[in-house]
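Derivation of every value follows stated rules applied to the coordinates shown; laboratory data play no part. Since we're looking at a predicted model, the values are computed, not measured. So basically every Cβ, Gly included, is an ideal-geometry build from the backbone, and we count neighbours across all protein chains shown.
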Amino acid sequence: MRVGLSIDPPLASIPALLSEEDVDVYQTVLRDPGRFGNYGVPEPADRTALMEGLRGRRVWGVAHGSLLINLASPEGRIRNSSVSSLLADLKVAAEVGLDAVCFHVGYTKGHPSAEAALTLATRKLGELIARMPAGPRLLLENSCEGSEMGQTIPELARLVRDVGAPADRFGLLIDTCHLHAAGFDLSGERAGQHLADALSDEGVLERVVAFHLNDCQLPCGAHRDRHATPGAGTIGMGVVSVATHAAFAPLPGVLEISIEDARQGLAFLRQHGAMNA
């Protein structure tokens, strides 16, 4: 797998960090992830520094959308702010040459049933995708806590099918920690095949565009989002199994941990032949 780093702004710092760690994949944020609105949006000079620093390099980049996004919120204001936030991120991502924007779809809380929440989220996703600018793909990321939607592969697949958007516009980003914490056991040497089979059974294997290649601090099924350095958690060698599986090895993956911990994770993955040159 092409594995890289999660790097906070300023964007200007990204090219040098990628060179230092000899990686060509990164994730960043394009606004304050804890607030709706244009807080923390990169200044033009910062955007230019990123583009100039990566010019001519084969790099894959993704922006993580706001943590407040809830396309199934019972409150129209929050649903609309969620759409606006993602559209704004997609616009900036297109301007600076990012390949994708990833996000969590939202929560069932406040609805009479999970079905009602899924129906509403599907409708808002369709509206969002119809307004997307050309360029970066929108990537739905799986979740693992509380009333979050998209915790299981069947639910992710349903959202993909019901939205009906083309693959070059809408895909999946799989977080290994989240999936393991949600009850899908990714430990062991056959984890990659187990995951590929489950995605294939639901008809969405080809929709997987990227990974958050995180290990998990807590046991499978804990439903808590606690990332660990690859090889240091309860997934263990399962991370290597996923990263080296034929279906996933060509894809980009991001370590969503500190730069210091990521250095250890990259060393572990390289030691076990899990990183593409």
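So what is the relative contact order for the chain, in percent, with contacts set as C-alpha pairs under 8 Å and at least six apart? The normalised contact order for the chain reaches 18 percent. Taken about its Cα centre, segment 129-277 carries a charge dipole of about 320 debye when Lys and Arg each add +1 at the Cβ and Asp and Glu each add -1 at the Cβ. Taken one residue at a time, the phi angles of segment 73-85 give Karplus couplings (6.51, -1.76, 1.60, θ = phi - 60°) of 4, x, 8, x, 4, 6, 4, 5, 5, 5, 4, 4, 5 Hz. Gly and Pro are set to x. Computed 3J(HN,Hα) for segment 55-61, one whole-Hz value per residue from the Karplus formula 6.51 cos²θ - 1.76 cosθ + 1.60 where θ = phi - 60°, is 4, x, 9, 8, 10, 10, x, glycine and proline marked x. Restriction of the GluC sites (Glu not before Pro) in segment 111-209 to DSSP coil positions whose beta-carbon has at most 12 other beta-carbons within 10 angstrom yields Glu189. Contact order, relative form, for segment 121-231: 29 percent (alpha carbon pairs under 8 Å, 6 or more residues apart, mean separation divided by residue count).
Under 5 Å between amide hydrogens, built in the peptide plane, is the criterion, and for Arg137 it picks out Ala100, Val101 among residues at least 5 positions away or on other chains. Report summary: the helix-based calculation at 222 nm, which adds -39500 (n - 2.57) for every DSSP H run with n ≥ 4 and divides by the residues of the chain, gives -11500 deg cm²/dmol. Applying the Karplus relation 6.51 cos²θ - 1.76 cosθ + 1.60 with θ = phi - 60° to segment 209-224 yields 3J(HN,Hα) values of 9, 7, 10, 9, 8, 9, 7, 10, 6, 10, x, 4, x, 6, 6, 10 Hz, where x marks Gly and Pro. Distant-in-sequence amide contacts of Asn70, defined by a placed amide H-H separation under 5 Å and a gap of 5 or more residues or a different chain, comprise Ser82. Between the residues Val101, His245, Ser258, the greatest Cα displacement towards the positive end of the dipole of the chain, with unit charges on the Cβ of Lys, Arg, Asp and Glu, is found for Val101. Where a ≥ b ≥ c are the square roots of the eigenvalues of the C-alpha gyration tensor, would you call segment 2-271 rounded, which needs a/c under 1.5, or, failing that, prolate if a/b is larger than b/c, or oblate? Taking the square roots of the gyration eigenvalues as a ≥ b ≥ c, segment 2-271 is oblate. The trypsin sites (Lys or Arg not before Pro) of segment 202-277 include none that DSSP puts in a loop with a beta carbon having at most 11 other beta carbons within 10 Å.
Note on Asp168 and Asp261: their simple-model spin labels are 3.8 nm apart, each label 7 Å out from Cα toward Cβ.
For Met237, the shell of other residues with beta-carbons less than 15 Å away shows a net charge of -1, using +1 for Lys and Arg and -1 for Asp and Glu. The DSSP beta bridges internal to the chain are antiparallel in roughly 10% of cases. Close amide H pairs (under 5 Å, H built 1.01 Å from N) link His212 with Ile174, Asp175, Thr176, Val254, residues at least 5 positions away or on another chain. Extension gain, Ser147-Ala116: 0.36 nm per intervening residue step, less the Cα-Cα distance, totals 9.9 nm.
Rounded to 0.05, the FRET efficiency of the Asp22 and Glu52 pair, given R0 = 25 Å and the Cβ-Cβ distance, is 0.80.
The chymotrypsin sites (Phe, Trp or Tyr not before Pro) of segment 1-101 that DSSP puts in a loop, and whose beta carbon has at most 16 other beta carbons within 10 Å, are Tyr39. Once the Cα-Cα distance is subtracted from the 0.36 nm per residue extended length, the Ser200 to Asn38 segment shows a gain of 54.4 nm.
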